[in-house]
Structures are given as structure tokens and as C-alpha cells.
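**Student:** Sharing a structure below in C-alpha cells format, with a few things to ask.
The values are calculated or read from the model by the stated rules, or taken from the named source; none is laboratory data. Because the structure is predicted, anything quoted here is derived from the model rather than measured. All Cβ positions, glycine included, derive from the backbone under ideal geometry; neighbour counts span all protein chains shown. For accessibility, only protein heavy atoms count, side chains too; no ligands or nucleic acids. Shrake-Rupley method; radii C 1.70, N 1.55, O 1.52, S 1.80 Å.
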Amino acid sequence: ICNPPIPEEMGAWIAGNRKLGAFQGLKILGFNIDVRGPIFRQTAFQSFYSHLQLHLHPSDKLDLTFSTIFSRQLLYKITHFSGMFKKSDRISLLSLAQNESCEGWKSGENINDKSGQQFPIPFSQDRKVIGG
């Protein structure tokens, strides 16, 4: 019916909706965007989108229906899942990601992986830590 917004448009929308999940997701990922102006907030989303655009394999992009809308929804999911940890828990999304390296990761290696152990984007956390 209509084309999805381009990254600049989606970034502007997220920048103007600071209380919603996509904006909060950028903050959880470490973007210091609360005290910055709207252009910086828009650029934060564009950086996030560009990272996914660069690292996702074309087959994964197709499976995920990759777009700016998918990227916004992914930021919302980050906010949603980070809220699943109780304040008393010692685990958070940030603590899971700290000091992790994605050194051996290669784009597209997950395509023919029948084990479900390889991921479409860099991820190196021990499954025991996240309960998998």
C-alpha cells in the first residue's frame, strides 16, 4: 500500500517519540541520546540500521523482511526483553554483552546451519548465561 519510511524518516520519528520503546532501545544499546538534539537521535537510529544492513546476510534480510520498520521493532523488543530482568537480578542485557567478542563470526554461515547454534548477526554469549 505504501513504501516503508527511509532511515532518516524513521530516525526522525523515533527522535520525536522519546517515551516509546525504540528510543529506549537505543539508550539500552548505549546511545547517549537523552541530552542530545534531535539530529543526534536521528543519527543514532541510522547507525543502528546501517549496522544491521551491513552485517545481515541477504538471505537473513529476506527471512526477516528487513526494513526500517523491522529495525524499529527490534529496538522495541530490546526494551521489552530488558524489562524482563528484575531489578534485583544480577543479569541485564548490558551485562550479557559486556566484554564479548564476535571475532569468529561470518555473515551467512547460519544459512545452512541445522543445529540452530549460529546466529544471523554477531552474538557470542554463552547460552547457559541466558538460560538457553
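**Student:** Search the range 28-49 for residues that are open to solvent by 70 Å² or more (accessible area, probe 1.4 Å) and pair each with any residue that is of a type in the set (Ser, Thr, Tyr) when their beta-carbon atoms are under 6 Å apart and the residues are at least 6 apart or on different chains.
**Tutor:** Cβ pairs passing all conditions: none.
**Student:** On to the next question. Which ones in the range 31-50 are out of contact with any helix residue (DSSP H, G or I) (no Cβ under 6 Å at 6 or more places or on another chain) and farther than 17 Å from GLU9 by Cα?
**Tutor:** Once the filter is applied, which keeps residues that are out of contact with any helix residue (DSSP H, G or I) (no Cβ under 6 Å at 6 or more places or on another chain) and farther than 17 Å from GLU9 by Cα, the range 31-50 yields ASN32, ASP34, VAL35, ARG36.
**Student:** In the set LYS61, LYS77, LYS86, LYS106, which member is modelled with pLDDT of 85 or more, farther than 15 Å from GLY25 by Cβ and of a type in the set (Lys, Arg)?
**Tutor:** When all the criteria are applied, what remains is LYS61.
**Student:** Something else: Quickly run through the range 7-27 and pick out the residues that are polar (S, T, N, Q) and touching a residue at least 40 places away in the same chain (Cβ under 8 Å).
**Tutor:** GLN24
**Student:** Here's something else I'd like to know. Given the structure, is SER59 open to solvent by less than 80 Å² (accessible area, probe 1.4 Å), small (Gly, Ala, Ser) and within 16 Å of the chain's Cα centre (by Cα)?
**Tutor:** Answer is no for this residue.
**Student:** Kindly establish whether SER95 is in contact with a Leu (Cβ under 7 Å, 6 or more places away or on another chain), modelled with pLDDT under 85, among the polar types (S, T, N, Q) and surrounded by 12 or more Cβ atoms within 10 Å (Cβ to Cβ).
**Tutor:** no
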